[in-house]
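Below is one structure; the comments refer to it alone.
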Amino acid sequence: MQHGWVKTLGWPVLALTIVACAPTAPVAPPVSSLPATAQLPALAPAQGEIIGTGPVRVALILPLSGSAAGVGQSMANGARLAIEQTPSPTIHLVLKDAGSSAETARNATQQALAEGAELILGPLTADSVALAGAIARSYDTPLIGFSSTSSVATDGVYLLSVLPEAEIMRALGFARAQGRNAIAAIVPDTPLGHAQAEALRQAAGETGMRIVGVEMFADEAQARRAVERLAPAMRSNLVDALYLPDAATAPSFGILLEAARVPRQRILVIGAGEWEGNPAIAAQAYLAGAVYPAIDPTGLAALSASYRQRFGGEPHQLATLAYSAVLVANTPSLSLATPPFGNSLFSPTGFTGRDGPLRFHFDGRGEYGLVMRQVAPGGAATIEAAKLGGLPLASNGGIGMDAGIPPAAEFR
């Protein structure tokens, strides 16, 4: 039996581990690239491809070169589709390359702001969002980045992504509704694992779930010891839910839990969004019936047909985030406001994106509506529709106020 222990420990905090192996997305032909002076006489000429003809300028800053170019190009293509499929858009996009360094992303943001951008969409990674956000704040211009690292969010710098705390809040809300009260967790001893453990602690406090134990592992021996320490509590009904977010090692934990005689019917196993599409998890009998929060796969499926027809390839999952960002930016009450993109970003009911509901919190964190999926032989099925599960109150950063927003009533 071969385990995935060592392989998984090198994963970074950002949910972008697929970048290195992502296929290069096809480059679309320029869309509506008339000279800026002909289309937008009130604005300075812009460097970069202009997408759309709306009167309000929005910069889209993505890695179009470097190791993440495939992901960046796919996201740019998703943004193009959002513009093309929107009747009478109120914005136009100026596409700029964030490159492979935070400094390049910062310089692209500086250029976009000097050219009159009213909103910045992007960049992608945490360090790039931090530098670009600082520049945008100095111009008093909002920025919506795609990082999944909460610490870079702040007043005026928003995140449109799936944050670890949003995932676990959605999952624990579901578990509590199923009558589960006590949870244990086994997470990898990595930056991502530590972020997931902290998110679990915050979310448990918000949802009233009792944490019995949190174990971390760096290798197979530590994983075995973690199961041995938690098994007695799970066998004696002191634990009725188990959080196993790491997709690479979840099948191996299924084997260890079965060997430890942990009754499967008593424990609700909870995974994470990275479980989606993992064939080893679907093939592990012990994990049948496990649940996990995920982006609604129907959003990507709906986008894929038009994406293939337009660009001749398959979209990356993050293409739907870029599509959703453009839908938000193109909201007339935001883009045509005076000034554009003001406090209306803070809406308790949020917005409707390509994958479902989303909203921004006062401290800059974003919340993406997630479905609940259940593992079944050969795949997974959606058992609860996409909704917003709320975020725990910020434990650091933010703007010094009650930054949490509970679930909106219509999404409960």
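The values are calculated or read from the model by the stated rules, or taken from the named source; none is laboratory data. Note that the structure is a prediction, hence the values are computed from the model and not measured. So basically every Cβ, Gly included, is an ideal-geometry build from the backbone, and we count neighbours across all protein chains shown. Keep in mind that these areas ignore ligands, DNA and RNA; they rest on the heavy atoms of the full protein, side chains included. Shrake-Rupley method; radii C 1.70, N 1.55, O 1.52, S 1.80 Å.
Side notes on the structure shown:
- Just one of the numbered conditions (1) open to solvent by 10 Å² or more (accessible area, probe 1.4 Å); (2) within 30 Å of Asp246 (Cβ to Cβ) is not true of Ile144: (1).
- Count of region 357-395 residues, restricted to those that are closer than 21 Å to Phe341 by Cα and part of a strand (DSSP E or B), is 7.
- Any chance Pro340 is at pLDDT 95 or above, touching a helix residue (DSSP H, G or I) at 6+ places or on another chain (Cβ under 9 Å) and either in a helix (DSSP H, G or I) or open to solvent by less than 50 Å² (accessible area, probe 1.4 Å) (or both): no
- Of all residues in region 290-310, those satisfying the criterion of being open to solvent by 20 Å² or more (accessible area, probe 1.4 Å) and either touching a Lys or Arg at 6+ places or on another chain (Cβ under 6 Å) or not polar (S, T, N, Q) (or both) are Ile295, Asp296, Pro297, Leu300, Ala301, Ala302, Ala305, Arg308, Arg310.
- Count of region 116-140 residues which are open to solvent by less than 20 Å² (accessible area, probe 1.4 Å) and either in contact with a strand residue (DSSP E or B) (Cβ under 7 Å, 6 or more places away or on another chain) or within 20 Å of Arg359 (Cβ to Cβ) (or both): 11
- Condition met for Ile211 (over 30 Å from Ala386 (Cβ atoms), open to solvent by 10 Å² or more (accessible area, probe 1.4 Å) and among the β-branched types (Val, Ile, Thr)): no
- Note on region 173-192: residues that are open to solvent by less than 50 Å² (accessible area, probe 1.4 Å) and either modelled with pLDDT of 95 or more or in a loop (DSSP other than H, G, I, E, B) (or both) total 12.
- Residue match in region 368-388 (condition: open to solvent by less than 10 Å² (accessible area, probe 1.4 Å) and within 27 Å of Arg57 (Cβ to Cβ)): yes
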